[in-house]
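Asker: I have a structure I would like to understand better, so I am pasting it below and will then ask my questions one at a time.
The values are calculated or read from the model by the stated rules, or taken from the named source; none is laboratory data. Bear in mind that the values here come from a model prediction, so they are computed numbers and not experimental data. Reconstructed Cβ throughout: ideal geometry from the backbone, glycine too, with neighbour counts over all protein chains shown. Keep in mind that these areas ignore ligands, DNA and RNA; they rest on the heavy atoms of the full protein, side chains included. Shrake-Rupley method; radii C 1.70, N 1.55, O 1.52, S 1.80 Å.
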Amino acid sequence: MTCLAAWTAPGQVRTHIRFRLIEWGHPEIADDMYLIAGELVANAVEATPDGEIRVRFTREPDAVLLGVWDSADSMPTVRPAVELSLLDVQPDPLALTPGHEDGAGGWGLPLIEALSSECGVHRTSPHGKWVWSRVHT
């Protein structure tokens with residue numbers, strides 16, 4: 001499916017995935033796939049504002065494969081995971097202010113790596129990339 005790189009896209013893709021997983025008889029992986037899809041699509045939307053993204057969700061004999069394409073040439077980077085305690089989590093009075101970046105982002109790719117059986121990224125020509133996740137059923 002092709003959709004506008006808008007902040008409504010993650011919800012649209014999650015809805016599509018929900019129906020497909022029910023149709024394919026794999027509700028046991030639904031929660032993981034919703035999280036993976038939301039993160040991959042949100043990253044693509046952020047990388048390609050005012051453009052379009054492509055989403056491919058396919059069934060394999062023992063897995064499902066989700067790929068998200070965006071036109072940006074920049075490659076995703078995984079922030080090293082660090083262990084946090086409750087003392088590290090502080091309220092941010094500006095959290096809902098548009099454009100405010102608190103540095104708390106960047107957890108999406110480590111979550112995708114943890115939930116996926118396999119994941120990766122492939123450049124496309126002349127520009128862009130497919131970021132993908134495979135989850136075994």
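Asker: For the range 19-69, give the percent of accessible area contributed by carbon and sulfur heavy atoms, probe 1.4 Å, rounded to a whole number.
Answerer: Answer for the range 19-69 is 48 percent, counting heavy atoms of protein chains only.
Asker: Per 0.36 nm of contour for each residue apart, how much would the distance between residue 30 and residue 121 grow if the chain were fully extended, relative to their Cα-Cα spacing?
Answerer: 30.5 nm
Asker: Using 0.36 nm times the number of residues separating residue 136 and residue 78, minus their current alpha carbon distance, what extension gain do you get?
Answerer: 18.6 nm
Asker: With n ≥ 4 as the cut-off for DSSP H runs, can you work out [θ] at 222 nm for the chain, using -39500 (n - 2.57) per run divided by the number of residues, rounded to the nearest 500?
Answerer: It comes out at -10000 deg cm²/dmol, rounded to the nearest 500.
Asker: In debye to the nearest 20, how big a dipole does the chain give about its Cα centre with +1 on each Lys and Arg Cβ and -1 on each Asp and Glu Cβ?
Answerer: Computed about the Cα centre, the dipole is about 520 debye.
Asker: For a quick check of understanding: with a 1.4 angstrom probe and all protein chains in place, what accessible area in square angstrom does residue 71 have, to the nearest ten?
Answerer: So the heavy atoms of residue 71 present about 40 Å² to solvent.
Asker: Compare the Cα positions of 86, 24, 5 along the charge dipole of the chain (+1 at Cβ of Lys, Arg; -1 at Cβ of Asp, Glu; about the Cα centre) and return the one farthest towards the positive end.
Answerer: Going by the charge dipole, the pick is 24.
Asker: Over the chain, give the accessible area per residue in Å² for a 1.4 Å probe, as an integer.
Answerer: Ligands and nucleic acids excluded, the figure is 62 Å² per residue.
Asker: Still on this model: Using a cut-off of 11 Å between beta-carbons, work out the net charge of the residues near residue 43 (Lys and Arg +1, Asp and Glu -1, residue 43 not included).
Answerer: Cβ neighbours under 11 Å give a net charge of -2.
Asker: Taking K and R as +1 and D and E as -1, what net charge do the other residues with C-beta under 10 Å from the C-beta of residue 70 add up to?
Answerer: -1
Asker: Taking GluC sites (Glu not before Pro) as exposed when DSSP calls them loop (any state but H, G, I, E, B) and at most 14 other Cβ atoms lie within 10 Å, what is the longest stretch of the chain free of them, the sites themselves excluded?
Answerer: It works out to 1-82.
Asker: What list of whole percents do you get for P(r) of the chain, with Cα-Cα distances grouped in 10 Å bins up to the one holding the largest distance?
Answerer: Once binned at 10 Å, the Cα pair distances of the chain give 11, 39, 34, 15, 2.
Asker: What does the charge add up to near residue 122, with Lys and Arg as +1, Asp and Glu as -1, over the other residues with Cβ less than 14 Å from its Cβ?
Answerer: Once all neighbours under 14 Å are counted, the net charge is +2.
Asker: Any idea what angle helix 9-24 forms with the longest principal axis of the chain, computed on alpha-carbon atoms, 0 to 90 degrees, nearest 10?
Answerer: Helix 9-24 and the main axis of the chain meet at about 40 degrees.
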